[in-house]
Amino acid sequence: MRVIFALWMREVRKYFRSPAQMIGTLGSPVMYLGVLGFGLGPIFQRAGEGSYLQFMAPGIMSMTILFTSTFSGMALLWDRQFGFLKETMVAPVPRLTIMVGRTVGGATVALFQGLLVFGISLLAGFRPAHVLVVPTAILVMALIALVFSAMGTIIGSSLKEMQGFQIIMNFLVMPIFFLSGALYPLRNLPAALTVLTRLDPLSYGVDALRGVLTGRMEFALALNILALVVAACVLMVLGAWRFSKIEV
């Protein structure tokens, strides 16, 4: 447990030691909230869907968590390049312990980033249904962070060079975001798109977070939570397997 805690603290310290990175990663969420939230708001409202800011803010929080948690796993490449990973791997502790510590640390950082976007959303005019739902929303955000931090560990353990980063962004991370329903309702979609959205674990995270914060859900909350828990378990197992095979 001490090793897990030490690795967790290392990831959290790196986050708070770099305020420029912390603020820089807020650029995209602020742009989405400002440009899309207010730009498409009148159209969304005329379609009878209500406030677009209320609809999309939980999706932007989830997007921030997705990107941050995935990138934290990609940091394995940097640690491998600069030798820190080798120093960690030769320690007399199981690799599973190292993987869990790094993954939980990455998930914690992603959760902090999601909470920052939640604060910005409040400033922009987003209002949760009740203040008492905020703790539940934080738990949902933590679960989303764990799912995609584990996915980031799988990616970071599989890649050997940073050249593969752009491929991962274009063919995995961005489709996960755009298929999640963060920016549009998941009702009345073409059949093929409906299937893809149901296979996307972020769809259930966005829907759960939106449902908790605003009361608007496409699926049952229990189904959303179950899907996230299953995805977290599967990805943690795959992440542990890939991490055990990593070469330094």
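Would you point out which residue out of V212, V230 is closer than 23 Å to T153 by Cβ, under 20 Å from the mean Cα position of the chain (by Cα) and assigned to a helix (DSSP H, G or I)?
Details: V212 fails: closer than 23 Å to T153 by Cβ.
Unique residue meeting the criteria: V230.
Of the residues in region 35-42, at least one is modelled with pLDDT of 75 or more, over 18 Å from the mean Cα position of the chain (by Cα) and surrounded by 23 or more Cβ atoms within 10 Å (Cβ to Cβ).
Return the residues of region 168-181 that are surrounded by 15 or more Cβ atoms within 10 Å (Cβ to Cβ) and either within 16 Å of G205 (Cβ to Cβ) or at pLDDT 85 or above (or both); say none if nothing qualifies. The answer is V173, I176, F177, F178, L179, S180, G181.
Going residue by residue through region 182-203, is there one that turns out to be among the hydroxyl-bearing types (S, T, Y) and crowded, with 18+ Cβ neighbours inside 10 Å? Working first, answer last.
Taking region 182-203 and keeping what is among the hydroxyl-bearing types (S, T, Y), we get 184, 194, 197, 203.
Keeping just the survivors that are crowded, with 18+ Cβ neighbours inside 10 Å gives 197, 203.
Within region 182-203 (the criterion being among the hydroxyl-bearing types (S, T, Y) and crowded, with 18+ Cβ neighbours inside 10 Å), the answer is yes, since at least one residue qualifies.
When you check Y184 against the structure, is it among the hydroxyl-bearing types (S, T, Y), modelled with pLDDT under 90 and more than 25 Å from L96 (Cβ to Cβ), yes or no? Taking the combined requirement at face value, the residue satisfies it.
On the stretch given as region 102-142, residues that are crowded, with 24+ Cβ neighbours inside 10 Å, under 17 Å from M236 (Cβ atoms) and not hydrophobic (A, V, I, L, M, F, W, C) total 4.
Residue-wise test of (1) in contact with a helix residue (DSSP H, G or I) (Cβ under 9 Å, 6 or more places away or on another chain); (2) of a type in the set (D, E, K, R).
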| site | (1), (2) |
| --- | --- |
| P190 | no, no |
| T197 | yes, no |
| V206 | yes, no |
| R216 | yes, yes |
| A232 | yes, no |
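Tell me, yes or no, whether region 198-208 has at least one residue that is charged (D, E, K, R), without any contact (Cβ under 8 Å) to a residue 40 or more places away in the chain, within 24 Å of L115 (Cβ to Cβ) and assigned to a helix (DSSP H, G or I). Taking every residue of region 198-208 in turn, at least one turns out to be charged (D, E, K, R), without any contact (Cβ under 8 Å) to a residue 40 or more places away in the chain, within 24 Å of L115 (Cβ to Cβ) and assigned to a helix (DSSP H, G or I). The condition (being among the hydrophobic types (A, V, I, L, M, F, W, C), at pLDDT below 75 and more than 18 Å from the chain's Cα centre (by Cα)) is satisfied by just one residue among I4, I23: I4. Take the residues in region 218-248 that are within 24 Å of R187 (Cα to Cα) and not hydrophobic (A, V, I, L, M, F, W, C); name whichever of them is surrounded by the most Cβ atoms within 10 Å (Cβ to Cβ). Top of the filtered list is N224. Scanning region 219-238 for residues that are touching a residue at least 24 places away in the same chain (Cβ under 8 Å) and either more than 21 Å from T64 (Cβ to Cβ) or of a type in the set (V, I, T) (or both) yields I225, V229, M236, L238. Which residues, taken from region 199-229, are charged (D, E, K, R) and more than 12 Å from S180 (Cβ to Cβ)? R216, the sole residue that qualifies.
Just one of (1) touching a residue at least 12 places away in the same chain (Cβ under 8 Å); (2) over 15 Å from T70 (Cβ atoms) fails for G152. It is (2). Pairing each residue of region 125-145 that is within 14 Å of G215 (Cβ to Cβ) with any residue that is surrounded by fewer than 16 Cβ atoms within 10 Å (Cβ to Cβ), provided the two are 6+ apart or on different chains, yields C-beta distances under 7 Å for P128/V134; A129/G215.
The values are calculated or read from the model by the stated rules, or taken from the named source; none is laboratory data. Computed from a prediction, not measured in an experiment: that's the story for all the values here. Neighbour counts run over all protein chains shown; Cβ positions are idealised from the backbone, glycine included.
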